[in-house]
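The values are calculated or read from the model by the stated rules, or taken from the named source; none is laboratory data. As the structure is a computational prediction, the values presented were derived from the model and not from experiment. We place every Cβ from the backbone using ideal geometry, glycine too, and count neighbours over all the protein chains shown.
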Amino acid sequence: MAAIHLPRAMRIGAGTLDELPEALAQFGLSRPLIVTDGWMASSGVLERVETILTAAGLQPRAFTGVVPDPTVTSVEAATAFLREGDHDCVIGLGGGSSIDTAKVVAVKAARDLPITALKAPHQEDAPALPIVAIPTTAGTGSEATRVTVITDAATDEKMLCMGLAYLPTLAILDYELTLTKPARLTADTGIDSLVHAVEAYVSRRANPFSDAAALSAMRLIWPNLPLACADPGNRPAREALMLGALQGGIAFSNASVALVHGMSRPIGAHFHVSHGLSNAMLMPVVTQWSAPAALPRYATCARAMGIADDSESDQSAVGRLVEALHRINADLAVPTPAAYGIARDRWDDLVPLMAAQALASGSPANNPRVPDAAEIAALYAQAWD
């Protein structure tokens, strides 16, 4: 049996941003707090959203202090800003950092708990302020998930927070917002969404519903990611990536992520590597290590992505999958941790702590092959260069 959770409403396609006031009105919402970052403010995207809302008679305020890999401090600042006004919903405008911040702000608006009390295995299911997600990248899938990640700068830990309280009420998916994104950001977020889909499909918590979403996401993301990186204005590719990111988010939110994500979060927390990039660094190595425990599942991923066909054995298909993951990393200029510039002695010193933090997140337990701390440490060493 599977329990399936989705946003109450989603508007998908070019121009749907203009429908935001109408979509908010469906839920009786009129006083949104927009949570976003400085780039959204300086690029004109925030101004466009504010203009759309005020023209419809709504009363938005905007917090523009979101930081990459949002921290406890930045979330507390956003929460304090919200409490200075009178808001009936929180809009996350931007990439995963803005949407993740908006989710926690919405929860803290309803319950004044320390963020450390919200981290997994705690589940926060009681209703919070309604969350509206407007992604401007195609990667995190956060617009459809009951998950958020906040960094505790005091311990360099990326805290996974879960529960229905974090599931957006409304998502606006206008792929035109992604047309100006540079190749590096497109690559990192695209690989992130691919990892979501693959890990959801091979997860021990996979189910028929999440399987369908995951396979569809792979079919959309794999052929279109190189196209969008090569030509940022490729509208069909951008639309496919936005839909694939959504489906990948739906898949893992209703199944789970696994070992790649468990190992990726500590890399981001300690070395400030973007989430998608750290996932990409790990994906080939972790896939090769995990595949023997779920060979048919990984082979199905390879076939869905068009890397292998039905005439090949599962073993051959998985071999092609691992080769293709290495190749796309090379094609998209994904560096190893060594090439990224991380100092080897600091990496080695932190591996035991990173392994412990990965295990504590719970994600590795969903992997088809469940590792212990020593095996995670060995995988970190293998991924180094």
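Checking each residue in the range 307-347 for being part of a helix (DSSP H, G or I) and of a type in the set (A, V, I, L, M) picks out A317, V318, L321, V322, A324, L325, I328, A330, A338, A339.
Scanning the range 12-33 for residues that are of a type in the set (K, R) and more than 22 Å from G244 (Cβ to Cβ) turns up at least one hit. Counting only residues that are surrounded by 24 or more Cβ atoms within 10 Å (Cβ to Cβ), closer than 15 Å to A338 by Cα and in contact with a strand residue (DSSP E or B) (Cβ under 9 Å, 6 or more places away or on another chain), the range 268-283 holds 0 of them.
Out of the residues in the range 225-237 that are part of a helix (DSSP H, G or I) and touching a residue at least 24 places away in the same chain (Cβ under 8 Å), state the one that is surrounded by the fewest Cβ atoms within 10 Å (Cβ to Cβ).
Residue satisfying both the conditions and the ranking: A230.
Of the residues making up the range 100-158, those that are in contact with a Ser or Thr (Cβ under 8 Å, 6 or more places away or on another chain) and of a type in the set (A, V, I, L, M, F, W, C) are V104, V105, A109, A120, I131, V132, A133, A138, A144, V147, I150, A153.
The single condition from (1) of a type in the set (A, V, I, L, M); (2) touching a Lys or Arg at 6+ places or on another chain (Cβ under 7 Å); (3) crowded, with 24+ Cβ neighbours inside 10 Å that A133 fails is (2).
Among the residues of the range 9-34, the ones that are among the basic types (K, R) and closer than 12 Å to A171 by Cβ come to 1 in all.
The range 29-98 holds strands (runs of 3 or more DSSP E) entirely within its bounds, and those carrying 1 or more residues that are within 14 Å of I131 (Cα to Cα) map to 32-35, 89-94. Go through the range 65-87 and report how many residues are more than 28 Å from F271 (Cα to Cα), touching a residue at least 24 places away in the same chain (Cβ under 8 Å) and of a type in the set (G, A, S). Total meeting the criteria: 1. Residues of the range 146-174 that are under 15 Å from the mean Cα position of the chain (by Cα) and over 20 Å from R11 (Cα atoms): V147, T148, V149, I150, T151, K158, M159, L160, C161, M162.
Residues in the range 160-187 that are in a strand (DSSP E or B), in contact with a helix residue (DSSP H, G or I) (Cβ under 7 Å, 6 or more places away or on another chain) and under 30 Å from P121 (Cβ atoms): L160, C161, L170, A171.
Yes or no, residue by residue, for (1) outside the structural domain of G141 (by TED's automatic domain parsing); (2) more than 19 Å from P296 (Cβ to Cβ); (3) part of a helix (DSSP H, G or I):
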{"site": "T189", "(1), (2), (3)": "yes, yes, yes"}
{"site": "V195", "(1), (2), (3)": "yes, yes, yes"}
{"site": "E199", "(1), (2), (3)": "yes, no, yes"}
{"site": "R204", "(1), (2), (3)": "yes, no, no"}
{"site": "S210", "(1), (2), (3)": "yes, no, yes"}
{"site": "A214", "(1), (2), (3)": "yes, no, yes"}
{"site": "L220", "(1), (2), (3)": "yes, yes, yes"}
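With respect to the conditions (1) over 21 Å from the mean Cα position of the chain (by Cα); (2) closer than 22 Å to T178 by Cα; (3) touching a residue at least 12 places away in the same chain (Cβ under 8 Å); (4) not in a loop (DSSP other than H, G, I, E, B), M10 falls short on a single one, namely (1). Taken over the range 45-84, the criterion of being at pLDDT below 95 and over 27 Å from M162 (Cβ atoms) is satisfied by Q59 alone. Please work out which one of (1) loosely packed, with under 13 Cβ neighbours inside 10 Å; (2) free of Cβ contacts under 8 Å to residues at least 40 places away in the same chain; (3) under 30 Å from R297 (Cα atoms) is the condition A360 fails and give its number. Here A360 clears every test but (1). If you check D345, D314, D385 for being in contact (Cβ under 8 Å) with a residue 12 or more places away in the chain and surrounded by fewer than 13 Cβ atoms within 10 Å (Cβ to Cβ), only one passes: D385. Counting the residues of the range 143-187 that are buried (at least 24 other Cβ atoms within 10 Å of the Cβ), farther than 18 Å from P68 by Cβ and polar (S, T, N, Q) gives 1. Among the candidates V257, V286, the residue that is β-branched (V, I, T), part of a helix (DSSP H, G or I) and either out of contact with any Pro (no Cβ under 7 Å at 6 or more places or on another chain) or surrounded by 22 or more Cβ atoms within 10 Å (Cβ to Cβ) (or both) is uniquely V286.
Here V370 meets each of (1) within 18 Å of the chain's Cα centre (by Cα); (2) assigned to a loop (DSSP other than H, G, I, E, B) with one exception, condition (1).
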